[in-house]
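The values are calculated or read from the model by the stated rules, or taken from the named source; none is laboratory data. Note that this is a predicted model, so its numbers are computed, not measured. Cβ: placed from backbone, ideal geometry, glycine included. Neighbour counts: every protein chain shown.
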Amino acid sequence: MRKSVMAAVAALSIVGLSACTEKTEDKVEAAGSSIGNDISTSVDRAGDKIDNGLDKAGAAIDRGADKVDAAADEAAADAKRETKEAKQDVGTTLQKAGTDLKND
């Protein structure tokens with residue numbers, strides 16, 4: 001009988017350890033899952049921040065490009081006006097020189 005009691009106690013100990021190990025495994029699995037979720041959330045947030053930063057950078061580049069385009073358009077218009085005025089000045093000077101030559 002003593003052997004059967006010892007065997008029963010040993011069996012109950014194994015079952016108890018098995019249950020304890022299962023609980024520990026469940027807790028470790030839950031902790032691992034929680035860590036995985038935290039990492040995933042952090043990576044998603046970082047990705048969102050990077051995307052937002054790139055969007056802002058792209059918008060700033062677009063605004064800068066628009067300003068450069070506007071400045072180039074304005075410079076081209078100024079150059080056209082200056083060229084027209086220079087042509088008129090040359091034409092006026094040539095007409096004056098022609099008149100002076102006729103009168104001499």
Cβ-Cβ under 7 Å pairs, at least 6 apart or on other chains, the stretch 35-48 side in a helix (DSSP H, G or I), far side surrounded by 10 or more Cβ atoms within 10 Å (Cβ to Cβ): none
Qualifying residue in the stretch 14-21 (condition: surrounded by 10 or more Cβ atoms within 10 Å (Cβ to Cβ), of a type in the set (V, I, T) and at pLDDT 85 or above): no
Test for V9: is it at pLDDT below 90, β-branched (V, I, T) and more than 44 Å from the chain's Cα centre (by Cα): yes
All positions within the stretch 82-104 that are of a type in the set (D, E, K, R) and loosely packed, with under 10 Cβ neighbours inside 10 Å: D100, K102, D104
